[in-house]
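Student: This is the structure I have questions about; it appears just below.
Bear in mind that the values in this text are calculations on the coordinates, not laboratory data. As the structure is a prediction and not an experimental result, all values here were calculated from the model. Every residue, glycine among them, receives a Cβ derived from its backbone with ideal geometry; neighbour counts consider all protein chains shown.
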Amino acid sequence: MLGLTDHLGDALWRVESASIEPQDSPGGLVVAGMGGSAIGGALARAALGDHASRPIFVTRAYGLPPWTTPDTMVLCASYSGNTEETLACYESAGALGAQRTVVTTGGRLAEMARADGVPVIPLPGGFQPRAAVAYMTVAALEVAALCGAGPRLTSEIDVAASHTEQLVSEWGPDAPEDSLAKTIARGLHGTTPTIAGAGLTTPVAYRWKTQINENAKLPCFMHELPELDHNEIVGWEGASEVGRFSAVFLDDSDAHPRVKERMALTARLIAPYAQASFRLETRGETPIERVISLVLLGDLVSIYLATLRGVDPGPVRVLEELKAALAAS
Ligand code: PA5
């Protein structure tokens, strides 16, 4: 995770080296992937925000959205290249005659893409898929630009990379014990964290949830504002009867003013029922920089939580077991 900065730059280089021809796709972009490979598409869509000029949709399923046509670009993202849902989407996209691009380390997906003459963005091997988040995000951003769904953010990505370095030293393992990431991890320790995002930070909240699940091996849930204020907020009244819950609110410096107000108010109203509560704000100027800032913070918090629990953040035993059982069936 501390390599995030280098990954951003390396990802740009890898997309460029793949020499993918721009392909105008009036039907927009569908990113097909699962888990740690799908999140990059969601973060890219958040980073493009109002600058997306065509629909950008992330599918985490065995099939593509029904409106996919030959005018749609389908980016099939799978770190291993062997995820069955993503392989099914790759095949559906081919059957529909949609334009395809693949981002992977290899596996069956790379084999099929090479045989079909589909462009492949090659990723470095040896990571857990979720540690390749910067690669997947940059690949989705660059493919969005190549298919006309958004502007090129190359220079913003470069700037984000250099600013992220500063955040790594502020929040990384060498930072003081009272640094932000370590303080949050201590606050969440022994609780079931709930993460709330809004707009740009909604997929970041999902990233926090999944990183806490997979790295710290803990249950963790997420929701988004303003919707959360219309249901989940009421549930907090009973929280202490059923467990120890904590809350993390991910605010953005550029959020809608009413959403900002809601976040502050919601945090205050649930505080009596939460074991710990944190309200955090994105850092940086551009949307990509702001997205990356809170992704880094969440990733570090999840690793520190794993450390506090004495668990190895790397392996995902149950997930592997499930994949093996499905492969054998
Ligand atoms: O974090 C993980 O290991 C998972 O969420 C995987 O990313 C997911 O199972 C999909 O696998 P892959 O990324 O290899 O397509």
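Student: Once you treat every alpha carbon in region 26-66 as an equal point and sum by Debye, what is log10 I(q)/I(0) at q = 0.16, 0.30 Å⁻¹?
Tutor: -0.38, -1.06
Student: Continuing with this model, one more query. At a Förster radius of 45 Å, what calculated FRET efficiency corresponds to the Cβ-Cβ distance of Ser169 and Glu91, to the nearest 0.05?
Tutor: In this case the efficiency is close to 0.50.
Student: List every residue whose amide H lies under 5 Å from the amide H of Thr192, counting only residues 5 or more places away in sequence or on a different chain, with H placed 1.01 Å from N in the peptide plane.
Tutor: Arg244, Phe245, Ser246
Student: Please return the longest stretch of the chain lacking exposed loop sites, where GluC sites (Glu not before Pro) count only if DSSP places them in a loop and at most 14 other Cβ atoms lie within 10 Å.
Tutor: Longest stretch, sites excluded: 1-176.
Student: Separate question: Please compute one quarter of the surface area of the Cα convex hull for the chain and express it in square nanometres.
Tutor: 16.7 nm²
Student: For the charge dipole of region 165-295, defined by +1 on Lys and Arg C-beta atoms and -1 on Asp and Glu C-beta atoms about the Cα centroid, which residue among Gly243, Asn231, Val204 has the Cα displaced farthest towards the positive pole?
Tutor: Gly243
Student: Counting pairs of alpha carbon atoms under 8 Å apart in space and at least six apart in sequence, what relative contact order in percent does region 50-111 give?
Tutor: Relative contact order comes out at 37 percent.
Student: Something else about it: Using θ = phi - 60° and the Karplus curve 6.51 cos²θ - 1.76 cosθ + 1.60, what whole-Hz ³J(HN,Hα) does each residue of region 258-265 get, with Gly and Pro shown as x?
Tutor: Each residue's phi maps through the Karplus curve to give 6, 5, 4, 5, 4, 4, 5, 5 Hz.
Student: Hand me the chymotrypsin sites (Phe, Trp or Tyr not before Pro) from region 44-98 located in a DSSP loop with no more than 12 other Cβ atoms within 10 Å, in residue order please.
Tutor: Filter output for region 44-98: Trp67.
Student: At a threshold of 8 angstrom on Cα-Cα distance, excluding pairs fewer than six apart, so keeping six or more, what relative contact order does region 1-141 reach in percent?
Tutor: Dividing the mean separation by the residue count of region 1-141 yields 32 percent.
Student: With an 8 Å cut-off on Cα pairs and a minimum separation of 6 or more residues, tell me the relative contact order of the chain in percent.
Tutor: RCO, the chain: 19 percent.
Student: Dipole of region 183-236, Cα-centred, from +1 at each Lys and Arg C-beta and -1 at each Asp and Glu C-beta, to the nearest 20 debye?
Tutor: Charge dipole, region 183-236, about its Cα centre: 320 debye, nearest 20.
Student: Still on this structure, I have one more. Rounded, prolate or oblate for region 45-138? Axes are the square roots of the Cα gyration tensor eigenvalues, ordered a ≥ b ≥ c, and the cut-off for rounded is a/c under 1.5.
Tutor: Cα axes put region 45-138 in the oblate bin.
Student: Which is farthest toward the positive dipole end of the chain among Ala46, Ala95, Met34, measuring Cα position about the Cα centre, with Cβ charges +1 (Lys, Arg) and -1 (Asp, Glu)?
Tutor: Result: Met34.
Student: Still on this structure, I have one more. What angle, in degrees between 0 and 90 and rounded to the nearest 10, separates the Cα long axis of helix 154-171 from the longest principal axis of the Cα atoms of the chain?
Tutor: Roughly 30 degrees, rounded to the nearest 10.
Student: Assuming a ≥ b ≥ c are the square roots of the Cα gyration tensor eigenvalues, decide whether region 233-309 counts as rounded (a/c under 1.5), prolate (otherwise, with a/b larger than b/c) or oblate.
Tutor: Verdict is oblate for region 233-309.
Student: Within 15 Å, Cβ to Cβ, of Ser19, how many net charges do the neighbouring residues add up to if Lys/Arg are +1 and Asp/Glu are -1?
Tutor: For residues surrounding Ser19, the net value is -1.
Student: Another question, then. Classify region 182-296 as rounded, prolate or oblate from the Cα gyration tensor: take a ≥ b ≥ c as the square roots of its eigenvalues, call it rounded if a/c is under 1.5, otherwise prolate when a/b beats b/c and oblate if not.
Tutor: Taking the square roots of the gyration eigenvalues as a ≥ b ≥ c, region 182-296 is oblate.
Student: Let me know the volume per residue of the alpha-carbon convex hull for region 49-104, in Å³. Present the calculation step by step, with values, prior to reporting the outcome.
Tutor: Values: hull volume 4.9 nm³, N = 56.
Given the Cα convex hull of region 49-104, per-residue volume reads 87 Å³.
Student: How tilted is helix 35-48 with respect to the longest principal axis of the chain? Cα atoms for both, answer in degrees (0 to 90, nearest 10).
Tutor: Rounded to the nearest ten degrees, it is 90.
Student: In Å and whole numbers, how far do the C-alpha atoms of region 93-186 stretch along each principal axis, longest first?
Tutor: Projected onto the principal axes, the Cα atoms of region 93-186 cover 54, 30, 19 Å.
Student: Tell me the Kirkwood hydrodynamic radius of region 199-241 in angstroms, computed as one over the mean inverse distance between distinct C-alpha pairs.
Tutor: Every distinct Cα pair counted, the radius reaches 11.5 Å.
Student: On the first, second and third principal axes, largest extent first, how far apart are the outermost C-alpha atoms of region 1-159 in Å?
Tutor: Extents along the principal axes, in whole Å: 39, 33, 26.
Student: Could you give each residue of region 322-329 its phi-based ³J(HN,Hα) in whole Hz, using Karplus coefficients 6.51, -1.76, 1.60 with θ = phi - 60°, and x for Gly or Pro?
Tutor: Result, rounded to whole Hz: 5, 5, 5, 5, 5, 5, 7, 8.
Student: Could you tell me how far the Cα centroid of region 242-305 sits from the Cα centroid of region 87-148, in Å?
Tutor: Centre-to-centre distance over Cα atoms comes out at 31 Å.
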